[in-house]
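I have placed the structure first, in the form of structure tokens, so that the comments after it can refer back to it.
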Amino acid sequence: MQLPFPFAEDPDEISREKGRKLFAGNNSEFLKGVVAMSGLPPADRVEVCFAGRSNVGKSSLINALTGRTRLARASNTPGRTQEVNFFTLADSHYLVDLPGYGYANAPLAVVEKWQRLLKQYLQGRVNLRRAFVLVDSRHGIKDVDQEIMSLLDSAAVTFQVVMTKADKVKEKDRAKVLAQVREKLAKHPAAFPELVLTSSEKGDGIATLRAIIAGLD
Ligand code: GTP
Ligand code: MG
């Protein structure tokens, strides 16, 4: 029997090339940081967003995908990304870097404000084709992830889990985390049935993810 939630297969040559082209050169630019739903750009392009716990590697993944080391601001300080940041990709896509959730160490009022916007955005964005929910390969799915996944279930937004920081775990330790992830995902109807294993540091999974995004229209 095939495992539920297998890793996405390597893209074929055509899809890989489509992904490579979409993300090539200086095709990606920072557009704006948004602090309220009223500030969202027009919903006139295919949009994908990157959600996940604070420090899971959302901004780093956007940098790896676009091949631009400082496009999205990444840092060791959890809570780095505090706005909903829009990046244009060619003239066809938006990439959206979201503030992390599950970060307790900021003033409560500030956290509540981001979290409200994050939830409104995830529930209310009509051109959002897929949410990538990032999960640390060392830690698996936490309760706060489940909360966001349930919200995506009820908003009927398809989400795909991207395992991050693959370079930080040994292969033998990965199996346990993967089993946990697969078990939790089985309860989420909006979960896309394939995972992607990535390392923004080493480049693993990046071409695959580019091809997946390029394949959405
Ligand atoms: P917030 O904006 O605070 O929610 O964080 P984020 O999810 O955007 O995380 P960010 O990309 O800022 O990365 C957090 C830390 O993890 C940084 O120190 C990154 O260098 C590190 N990191 C991200 N991806 C990887 C990876 O694939 N491998 C390794 N080793 N470190 C990574
Ligand atoms: Mg960030």
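The values are calculated or read from the model by the stated rules, or taken from the named source; none is laboratory data. Computed from a predicted structure; not experimentally measured. In this analysis, Cβ positions are derived from the backbone assuming ideal geometry, glycine residues included, and neighbour counts consider all displayed protein chains. Only protein heavy atoms, including side chains, enter the accessible area calculation; ligands, DNA and RNA are left aside. Shrake-Rupley method; radii C 1.70, N 1.55, O 1.52, S 1.80 Å.
Of note:
- Cα-based radius of gyration for region 121-217, normalised by 2.2 N^0.38 Å, reads 1.07.
- Contour minus Cα-Cα distance for residue 9 and residue 174 (0.36 nm per residue): 57.6 nm
- For region 16-99, fraction of C-alpha pairs farther apart than 23 Å, in %: 18 percent
- Label zone (residue 153, point 7 Å along Cα-to-C-beta; backbone nitrogen cut-off 11 Å) within region 103-147: 146-147.
- By accessible area, using a 1.4 Å probe on protein heavy atoms only, the chain has 49% of its surface on carbon and sulfur.
- Backbone phi angles across region 183-193, fed through the Karplus curve with coefficients 6.51, -1.76 and 1.60 (θ = phi - 60°), yield HN-Hα couplings of 5, 5, 5, 4, 8, 10, x, 8, 6, 5, x Hz in residue order; Gly and Pro are listed as x.
- Amide H within-cut-off set for residue 52, under 5 Å, with H built and near neighbours excluded: 101, 134
- Normalised convex hull volume, region 62-114, alpha-carbon set, Å³ per residue: 81 Å³
- Partners for residue 184 among lysines (Cα-Cα distance below 23 Å; same-chain residues under 8 apart left out): 58, 119, 142, 165, 168, 170, 172, 176
- Residue 110 contributes about 60 Å² of solvent-accessible surface, heavy atoms of the protein only, 1.4 Å probe.
- Phi to ³J(HN,Hα) by Karplus 6.51 cos²θ - 1.76 cosθ + 1.60 over region 91-100, Hz, x for Gly, Pro: 10, 10, 9, 10, 9, 10, 9, 9, x, x
- Peptides 52-59, 194-201 ranked from most to least packed by the mean count of surrounding Cβ atoms within 10 Å: 52-59, 194-201.
- Solvent exposure of the chain as accessible area per residue, Å², 1.4 Å probe: 50 Å²
- Distance from the C-alpha centroid of region 116-180 to that of region 22-36: 22 Å, rounded to the whole angstrom.
- DSSP-assigned coil residues among GluC sites (Glu not before Pro) in region 30-118, each with at most 16 further Cβ atoms within 10 Å: 83
- Longest to shortest principal axis, alpha-carbon extents of the chain, angstrom: 47, 38, 33
- Translational D in µm²/s for region 1-57 (Stokes-Einstein at 4 °C, 1.567 mPa s, Kirkwood Rh from C-alpha pairs): 83 µm²/s
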